[in-house]
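**Student:** Supplied in structure tokens, the structure appears directly below.
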Amino acid sequence: STWLVDDASKLFAHFASFKNPISVWWEYAPDVIPVIARNKKKWAFYNVAFGKEAGVIVGRYLKNKNMGPVHYLSPYHASFWSKARLQGLLEAGTDVIPLVNDRYVSPFDLADAAEREGIERQVLLNNVLESLLKNATLDKFVCSNDWVAASLIDFFKAKKLPPPYVIGFDDTIESYRYVFDSFAFNVGTMVKEAIYHIVAPTIYAEQRRQMQTPLGRVVEKH
């Protein structure tokens, strides 16, 4: 996994002399794989959460339900993945009004900032959301992850406002506790395909792209 790798090129250079096939969970923009790792027979890359595909699927889901326009709510818009999810929504033809903050790149970044400021991470997230929601004009939201979605529901409840329609990403336990739809990434298939590549590295060499993107789905809650 490249999630906590600052310099992927340096890491891949270390593995370049290995003869064994290598599967990588690529957690950055799909088009910035280091050149050193572009040998299709040796390397296979898997990106289930950081491309625009999830946003496209959520957008199509909303369109099929004739649900729109919607706000896209994200406090993590300094990240590639937040921008990619918004791009996917737009490419699906969803009518979207973004409410985004580009100070943070992830929930972990926001939590680190909260620690530096000496406040609870939930308090910091709530402050960011309250600032963004000053510009809200709709009652339907696509949230960049389930933590944002659950916090949004709590915000409306605290203000004694009618509950909004909310859809998140990650399909975490919070989406079941709060009962909102959420996109489930297909991590299981990614792991299976990563193992297949190691066992039989030629299966993707000619027929498919080096970057595999196992597609997930929206999980409805009732």
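**Student:** Taking into account only those residues within segment 199-222 that are at pLDDT 90 or above, open to solvent by less than 90 Å² (accessible area, probe 1.4 Å) and not in a loop (DSSP other than H, G, I, E, B), which is nearest to K42 (Cα to Cα)?
**Tutor:** V218
**Student:** Do we have any residue at all in segment 103-118 that's among the β-branched types (V, I, T) and at pLDDT below 95? Walk me through how you get there before you give the answer.
**Tutor:** Quick first cut of segment 103-118, residues among the β-branched types (V, I, T) only: 105.
Still in the running and at pLDDT below 95: 105.
Yes, segment 103-118 contains a residue that is among the β-branched types (V, I, T) and at pLDDT below 95.
**Student:** Could you identify the single residue in S23, S9 that is open to solvent by less than 40 Å² (accessible area, probe 1.4 Å), farther than 17 Å from S144 by Cβ and touching a helix residue (DSSP H, G or I) at 6+ places or on another chain (Cβ under 9 Å)? Reasoning before the result, please.
**Tutor:** Details: S9 fails: open to solvent by less than 40 Å² (accessible area, probe 1.4 Å).
Answer to the selection: S23.
**Student:** Given the structure, is H71 open to solvent by less than 40 Å² (accessible area, probe 1.4 Å), more than 16 Å from F185 (Cβ to Cβ) and in contact with an Asp or Glu (Cβ under 7 Å, 6 or more places away or on another chain)?
**Tutor:** Working: open to solvent by less than 40 Å² (accessible area, probe 1.4 Å): yes; more than 16 Å from F185 (Cβ to Cβ): yes; in contact with an Asp or Glu (Cβ under 7 Å, 6 or more places away or on another chain): no.
No; evaluated as a whole, the condition is false for this residue.
**Student:** How many of the residues in segment 119-147 are assigned to a loop (DSSP other than H, G, I, E, B), touching a Leu at 6+ places or on another chain (Cβ under 7 Å) and open to solvent by 60 Å² or more (accessible area, probe 1.4 Å)?
**Tutor:** The total comes to 1.
**Student:** While we're on this one: Take the conditions in contact with a strand residue (DSSP E or B) (Cβ under 6 Å, 6 or more places away or on another chain), at pLDDT 95 or above, of a type outside the set (A, V, I, L, M) and surrounded by 14 or more Cβ atoms within 10 Å (Cβ to Cβ) and apply them to F155. Does it pass?
**Tutor:** Numbers: in contact with a strand residue (DSSP E or B) (Cβ under 6 Å, 6 or more places away or on another chain): no; at pLDDT 95 or above: yes; of a type outside the set (A, V, I, L, M): yes; surrounded by 14 or more Cβ atoms within 10 Å (Cβ to Cβ): yes.
No: the conditions fail for F155.
**Student:** Just to be sure, is Y28 open to solvent by 60 Å² or more (accessible area, probe 1.4 Å) and in contact with a helix residue (DSSP H, G or I) (Cβ under 7 Å, 6 or more places away or on another chain)?
**Tutor:** When the stated conditions are applied, Y28 passes them.
**Student:** Any residue in segment 167-196 that is within 30 Å of A44 (Cβ to Cβ) and at pLDDT 95 or above sitting within a Cβ distance under 8 Å of a residue that is assigned to a strand (DSSP E or B) and open to solvent by 60 Å² or more (accessible area, probe 1.4 Å)? List the pairs, counting only those 6 or more apart or interchain.
**Tutor:** F183/R217; A184/R217
**Student:** Might you let me know whether segment 96-105 holds any residue that is part of a helix (DSSP H, G or I) and either aliphatic (A, V, I, L, M) or loosely packed, with under 15 Cβ neighbours inside 10 Å (or both)?
**Tutor:** There is no residue in segment 96-105 that is part of a helix (DSSP H, G or I) and either aliphatic (A, V, I, L, M) or loosely packed, with under 15 Cβ neighbours inside 10 Å (or both).
**Student:** Can you pull out every residue in segment 24-78 that is hydrophobic (A, V, I, L, M, F, W, C), assigned to a helix (DSSP H, G or I) and under 16 Å from the mean Cα position of the chain (by Cα)?
**Tutor:** If the condition is that a residue be hydrophobic (A, V, I, L, M, F, W, C), assigned to a helix (DSSP H, G or I) and under 16 Å from the mean Cα position of the chain (by Cα), then A54, V56, I57, V58 are the ones that fit.
**Student:** Quick check on Y61: is it within 27 Å of Y176 (Cα to Cα) and either open to solvent by less than 10 Å² (accessible area, probe 1.4 Å) or touching a Cys at 6+ places or on another chain (Cβ under 6 Å) (or both)? Don't jump to the end; show me each part of the working.
**Tutor:** Values: within 27 Å of Y176 (Cα to Cα): yes; either open to solvent by less than 10 Å² (accessible area, probe 1.4 Å) or touching a Cys at 6+ places or on another chain (Cβ under 6 Å) (or both): no.
Answer is no for this residue.
**Student:** Answer yes or no: is there a residue in segment 74-84 that is free of Cβ contacts under 8 Å to residues at least 60 places away in the same chain, surrounded by fewer than 17 Cβ atoms within 10 Å (Cβ to Cβ) and in contact with a strand residue (DSSP E or B) (Cβ under 7 Å, 6 or more places away or on another chain).
**Tutor:** no
**Student:** While we're on this one: Can you find a residue that is surrounded by 19 or more Cβ atoms within 10 Å (Cβ to Cβ) and under 11 Å from G216 (Cα atoms) anywhere in segment 172-180?
**Tutor:** Checked against the condition, which is being surrounded by 19 or more Cβ atoms within 10 Å (Cβ to Cβ) and under 11 Å from G216 (Cα atoms), segment 172-180 yields no hits at all.
The values are calculated or read from the model by the stated rules, or taken from the named source; none is laboratory data. Remember, it's a predicted structure, so these values are computed and weren't measured experimentally. With ideal geometry, Cβ positions are generated from the backbone for all residues, glycine too; neighbour counts draw on all protein chains shown. The area values use the complete protein model at the heavy-atom level, side chains included, leaving out ligands, DNA and RNA. Shrake-Rupley method; radii C 1.70, N 1.55, O 1.52, S 1.80 Å.
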